[in-house]
Protein chains: 2
Amino acid sequence: MATGRVPVERRRRRPTKTGTVLTEELIVDCALRLAGEHGAEALSVRRLGAALGCDPSALYRYFHDTDDLLLAVADRIIGETMHDFAPEGDWLSGLREMAHRVYSGYSRHPRIAAMAAYRVTRRAHEFRAVEIGIGLMRRGGFGKEAAVRHYAAFIDTVLGHAALDAAHLALAPERRGGDTRAWTEAYQDLPDAAYPQLAEVRHELPLMAHSSFENALDLLLSALESQARAG
Amino acid sequence: MATGRVPVERRRRRPTKTGTVLTEELIVDCALRLAGEHGAEALSVRRLGAALGCDPSALYRYFHDTDDLLLAVADRIIGETMHDFAPEGDWLSGLREMAHRVYSGYSRHPRIAAMAAYRVTRRAHEFRAVEIGIGLMRRGGFGKEAAVRHYAAFIDTVLGHAALDAAHLALAPERRGGDTRAWTEAYQDLPDAAYPQLAEVRHELPLMAHSSFENALDLLLSALESQARAG
DNA sequence: AAGTTGCGTCAATGGTGTTGACATAAGGAC
DNA sequence: GTCCTTATGTCAACACCATTGACGCAACTT
């Protein structure tokens, strides 16, 4: 990791050769756009530099390394998804909406999500999200420890599904296609004798190609409801 | 993707310069070992070639590209984890053991798991695993469609958690440390007024640094049990 | 107007996957 | 046992990648 290249406060605003003035925010914006527009390979320091109209190495004046940049971009996504989220109704609906927001936010930026869903950004937007999530669990009547444990189980399940589906979406087209078609091709051709269970559900197997997020979320929330009633 | 470089049946067994005779199996073995022993950056075609004592490009005679190799390695891991698994007791215990097997198998190979948990290997070991998993759901009394849907929710939740935790484990040490310490450092220093919920559970927040897999699994299985009774 | 120094630029290092041409030895045919 | 074919290992090259240290300009401070 580079040391001392990233000042906290920036005083001199020197434009690049092409005239743009770099900003931490501008870079994050551009990275987000770039990762979205072009394919899975789009996000590299060199391309980012080209898109910003600056030398690639200029980015190291703003972020220690690509990991640092990634966390900043990830936090931006969290901010987007949680923007204006202030759950008012019952806690379960709040959790459901939070789950949907996180999931769809990550689905909108699959490439970043696949790389960052398991990270702790340690930044402002993530702080707010955890604050809200734990607040919802507390509203469900859970004690301090149970609230934290259940929030962890909840958010990790949501993030896990988001990461899985995002990684699938971020796959190069021919690979994504190959994985998806497995359920209508390879799995359909297995010998019945060796795979009796698969033979029986043959016509339902294509369901495996779709996201199971909604089903898993329903199961998880119903379990939390039971726990809340029992506790 | 290279075309026609990977014959199905191999007749001529020509040794490399260092004397070893390459095999699809040998390569997968070596990749698995390499990814485990050394750091997160260990698995590259060049290192693999060096470890096998052959030219890196020789691998392209056995696998179309690194993605093809990755899927082969992933399927090997599935095979390892499901080896000798033949659930006999009640379906819920069977699912629980399957979840533990998958999770710990992936935890043993975090680098590969992080890259492949969301893939469909379309290979023998995966076929068997799905066969067993859907069989367990059927044993729980679910109809064809419900069995497939619930199996998808189940396995994706398990894989999601496995992927999350594996990716965390596979992180470079200083990054993993940074993410982990967030809960005992950054999250402990937030101002109480702005984050009242976090302030209240301050002493329980370090729980967030641990895996939530067991808790999430308990919740999921209890929900499936309720569904089975209701349906 | 002069002096510091922040920050954009350049060039270089050592990594990556992948490919096409090449050479050689393995195995089949006789 | 010898010849032929060709599978397969090797080599060199291409086009990328992140990162760093030296350099020098220009934007602020004084």
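The Rg/Rh ratio for the range A:47-129, using Cα coordinates for both the radius of gyration and the Kirkwood hydrodynamic radius, is 1.08. Counting every C-alpha pair in the range B:1-64, the share spaced more than 12 angstrom apart comes to 69%.
Seen against the Cα atoms of chain A and their longest principal axis, helix A:24-37 is set at about 50 degrees. Name the shape class, rounded, prolate or oblate, that the alpha-carbon gyration tensor gives for the range A:1-154, where a ≥ b ≥ c are the square roots of its eigenvalues, rounded holds for a/c under 1.5, and otherwise prolate holds if a/b is larger than b/c and oblate otherwise. Prolate shape, in that a/c is at least 1.5 and a/b is the bigger ratio. When only Cα pairs below 8 angstrom with a gap of at least 6 residues are kept, the range A:67-209 shows a relative contact order of 26 percent. D for the protein assembly as shown, whole µm²/s, Stokes-Einstein with Kirkwood Rh over alpha-carbon pairs at 37 °C and 0.692 mPa s: what number? Using the Kirkwood radius from Cα pairs, D works out to 137 µm²/s. Strictly greater than 24 Å: what percent of every Cα pair in the range B:85-230 meets that? So the portion of pairs separated by more than 24 Å is 44 percent. For B:Arg229, the shell of other residues with beta-carbons less than 15 Å away shows a net charge of -1, using +1 for Lys and Arg and -1 for Asp and Glu. Helix B:213-230 axis versus longest C-alpha principal axis of chain B: approximately 70°, rounded to the nearest ten. Our coupling estimate for the range A:104-110, obtained by passing each phi through the Karplus curve with A = 6.51, B = -1.76, C = 1.60 and θ = phi - 60°, is 6, x, 6, 5, 6, 10, x Hz, Gly and Pro reported as x. Once the C-beta distance of B:Thr16 and B:Ala172 is scaled by a Förster radius of 25 Å, the resulting FRET efficiency is 0.20 to the nearest 0.05. For A:Arg176, the label point sits 7 Å beyond Cα toward Cβ; its separations from the matching points on the remaining copies run 3.1 nm, from shortest to longest.
Tally Lys and Arg at +1 and Asp and Glu at -1 over the other residues with C-beta under 10 Å from the C-beta of B:Arg76: what net charge comes out? My count for the surroundings of B:Arg76 gives -3. May I ask for the angle, rounded to the nearest 10°, between helix A:66-82 and the longest principal axis of chain A, with both axes built from Cα atoms and the value confined to 0 to 90°? The helix A:66-82 is inclined about 60 degrees to chain A. 3J(HN,Hα) along the range A:136-147, derived from phi through the Karplus expression 6.51 cos²θ - 1.76 cosθ + 1.60 where θ = phi - 60°, amounts to 5, 5, 4, 5, x, x, 6, x, 4, 5, 4, 4 Hz, with x in place of Gly and Pro. When the Cα gyration tensor is reduced to axis lengths a ≥ b ≥ c, the ratio a/c is 1.5 or higher for the range B:154-207, and with a/b not above b/c it is classed as oblate. Applying the Karplus relation 6.51 cos²θ - 1.76 cosθ + 1.60 with θ = phi - 60° to the range B:172-186 yields 3J(HN,Hα) values of 4, x, 5, 6, 4, x, x, 4, 5, 5, 3, 6, 9, 10, 3 Hz, where x marks Gly and Pro. Under 1.5 on a/c is rounded, so check that first for the range B:131-180, then, if it is not, pick prolate when a/b is larger than b/c and oblate when it is not; a ≥ b ≥ c are the square roots of the alpha carbon gyration tensor eigenvalues. Prolate, because a/c is 1.5 or more and a/b exceeds b/c. Each Lys and Arg contributes +1 and each Asp and Glu -1, all at the Cβ; summed about the Cα centre of the protein assembly as shown, the dipole is approximately 1660 debye.
Each copy carries B:Phe85; placing its label point 7 Å along the C-beta direction from Cα gives inter-copy distances of 3.2 nm, listed from smallest up.
Separation of the range A:84-101 and the range B:17-92, taken as the distance between their Cα centroids, equals 43 angstrom.
Since every read-out is calculated from the coordinates, none of them should be taken as a lab result. Please read all numbers here as calculations on a predicted model, not as lab measurements. All Cβ positions, glycine included, derive from the backbone under ideal geometry; neighbour counts span all protein chains shown.
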